[in-house]
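Following: one structure in structure tokens, then a few remarks.
The values are calculated or read from the model by the stated rules, or taken from the named source; none is laboratory data. If you're wondering where the values come from, they're calculated on a predicted model, not measured in any experiment. Note: ideal-geometry Cβ built from the backbone for every residue, glycine included; neighbour counts use all protein chains shown.
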Amino acid sequence: MAQLAINGGAATKTKPFPEWPMYDAREREALLGVLDSRVWWRTPGTRTLQFERDFAAYHQAKHGIAVTNGTHALEVALLALGIGPGDEVIVPDYTFVATASSVLMTGAIPVLVDVRADNYCIDCDLVEAAISPRTKAILPVHMGGHAADLDRLTEITSRHGLTLIEDCAHAHGSQWRGRPVGTFGRAGTFSFQQSKLMTAGEGGMIITNDDEAERLLRSVHDCGRLPGKWFYSHFIYGSNYRLSEWQGAVLGVQLTRLDEQTRRRHENGRLLDRLLGEIPGITPQLFDTRMTRNGHYAYIFHVDKAAFGGISTEKFIAAMNAEGIPNQAAYPPVHDLDVFTSGAFRSRLCPGTDGHPSWQGEFPVTARAAWETYWVPQYALLGDEQDMHEIAAAVRKIQANAVEMR
């Protein structure tokens, strides 16, 4: 008789995980408040402005600039901080395309480096090796909510006179040595897309402690305007990246839940570290003790197929899904994306520019992370202790019955 749910057996999961997005009457009331106010545009409004202030304060930053999405947050940050044609920006090969495409959007060149084998964050040794006279910035990604090595990165950027911009799309509420991520560089960017740790469907945020950077960021995001100047004055290049009052209102309520949700995700992540770490062939993303709190956009672990009867990662994922455990697809390597392999990137660069040698490099850790890991999505980490034990039980069950899938 089949034991695995994928073959007709009973599923491991006995109750559903929490639903996402989470909302209650407060979001409904906030939306109706915007509706009834007839002020739906952020410029005369107050809700998005208040959300900017509250989000920045939560992350111990002086300034917050709300934008239309996380990709635009990266683009605005790069443009405002002076990244442009001919510059190089070092980014990890293991990330969502926006980390690299935002660099291309400015006319600069993303220089790809591999990530660490233990936590899938940018490898700082490779960062140092990739610095050239054209390097202007380093753009690390806090993968799955786990921070890149911010001690090393701040030292490297300081020593070389480079700009550090943190991609915090996975890391709302994460802390490094008790300090929120996004505040170690000149700017930090966040996403509020639906899968993220707080959401209005779309939306983004840039935080900074630099007054001059805030002035430039706000100008780029609002058509080149400057605070206090005539509405139809436009001083620098900018575009309309403004967030609406609708989203600002929803996100203001979402923020009130973030601290408790981050605490729960962090604690459940540490429980899974213990439970999954006991299973042969399973290697959880390393938790660095300098991480005071991990916001956990996903709980990531590597699966050694040799310990699971040689079944493929795809079969393992299908079996886990059948057992009732959700999966969020891992990112493919950036250098393998069509925009780079087809030459489409050339439309964003100076004529005659033919990419960067790093795009032809070897990225063994990224390949391993892309094709051999399982991502448990963040909403599952909002469950209780039973939920975490059932995740581990599903893995054990698949391992014990892998012969059924061969």
- [ ] Kindly indicate whether any position in the range 341-360 is on the phi > 0 side of the Ramachandran plot, free of Cβ contacts under 8 Å to residues at least 24 places away in the same chain, part of a loop (DSSP other than H, G, I, E, B) and out of contact with any strand residue (DSSP E or B) (no Cβ under 7 Å at 6 or more places or on another chain).
- [x] yes
TODO: State all residues of the range 331-340 that are closer than 13 Å to Ala369 by Cβ and either outside any helix (DSSP H, G or I) or among the small types (Gly, Ala, Ser) (or both); if no residue qualifies, say none.
DONE: Tyr331, Pro332, Pro333
Open item on the list: Among the residues of the range 194-214, are any crowded, with 16+ Cβ neighbours inside 10 Å, under 19 Å from Gly84 (Cα atoms) and among the charged types (D, E, K, R)?
Closed with: yes
Open item on the list: For the range 314-339, give me each residue that is over 21 Å from Met388 (Cβ atoms) and free of Cβ contacts under 8 Å to residues at least 60 places away in the same chain.
Closed with: Glu314, Ala329, Pro332, Asp336, Asp338
Open item on the list: Let me confirm something: among Glu155, Glu75, which residue is free of Cβ contacts under 8 Å to residues at least 24 places away in the same chain and part of a helix (DSSP H, G or I)?
Closed with: Glu155
TODO: Just one of (1) in contact with a Phe, Trp or Tyr (Cβ under 7 Å, 6 or more places away or on another chain); (2) in contact (Cβ under 8 Å) with a residue 12 or more places away in the chain; (3) within 24 Å of Thr163 (Cα to Cα) trips up Leu226, so point out which.
DONE: (2)
Task: Failed item, numbered, when Ala30 is tested on (1) closer than 28 Å to Asp259 by Cα; (2) exposed (fewer than 15 other Cβ atoms within 10 Å of the Cβ) - done: (2)
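Keeping to the range 310-343, report how many residues are farther than 22 Å from Val365 by Cα and modelled with pLDDT of 95 or more. Spell out the reasoning first.
First, pick out the residues of the range 310-343 that are farther than 22 Å from Val365 by Cα: 318-326, 342-343.
If we keep only those that are modelled with pLDDT of 95 or more too, we end up with 318-326.
The total comes to 9.
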Open item on the list: For the range 86-97, give me the residue count where each residue is surrounded by fewer than 24 Cβ atoms within 10 Å (Cβ to Cβ) and modelled with pLDDT of 95 or more.
Closed with: 4
- [ ] Scan Val89, Val103 and give me the residue that is in contact (Cβ under 8 Å) with a residue 40 or more places away in the chain and of a type in the set (Val, Ile, Thr).
- [x] Val89
Task: Test result for His335, crowded, with 17+ Cβ neighbours inside 10 Å, in contact with a Pro (Cβ under 9 Å, 6 or more places away or on another chain) and not charged (D, E, K, R) - done: no
TODO: Take the range 293-322 and flag every residue that is surrounded by fewer than 16 Cβ atoms within 10 Å (Cβ to Cβ) and among the hydroxyl-bearing types (Ser, Thr, Tyr).
DONE: Ser312
TODO: Could you please find all residues in the range 63-99 being in contact with a strand residue (DSSP E or B) (Cβ under 9 Å, 6 or more places away or on another chain) and among the β-branched types (Val, Ile, Thr)?
DONE: Ile65, Val67, Thr68, Thr71, Val76, Ile83, Val89, Ile90, Val91, Thr95, Thr99
- [ ] Taking the options Thr43, Thr12, name whichever one is within 30 Å of Ile311 (Cβ to Cβ), of a type in the set (S, T, N, Q) and surrounded by fewer than 24 Cβ atoms within 10 Å (Cβ to Cβ).
- [x] Thr12
Task: Enumeration of residues in the range 338-358 that are out of contact with any Asp or Glu (no Cβ under 9 Å at 6 or more places or on another chain) and crowded, with 17+ Cβ neighbours inside 10 Å - done: Phe340, Phe345, Arg348, Leu349
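Please find, among Arg134, Arg42, Arg28, the residue that is over 29 Å from Glu155 (Cβ atoms) and out of contact with any helix residue (DSSP H, G or I) (no Cβ under 6 Å at 6 or more places or on another chain).
Numbers: Arg134 fails: over 29 Å from Glu155 (Cβ atoms); Arg42 fails: out of contact with any helix residue (DSSP H, G or I) (no Cβ under 6 Å at 6 or more places or on another chain).
Going through Arg134, Arg42, Arg28 in turn, just one is over 29 Å from Glu155 (Cβ atoms) and out of contact with any helix residue (DSSP H, G or I) (no Cβ under 6 Å at 6 or more places or on another chain): Arg28.
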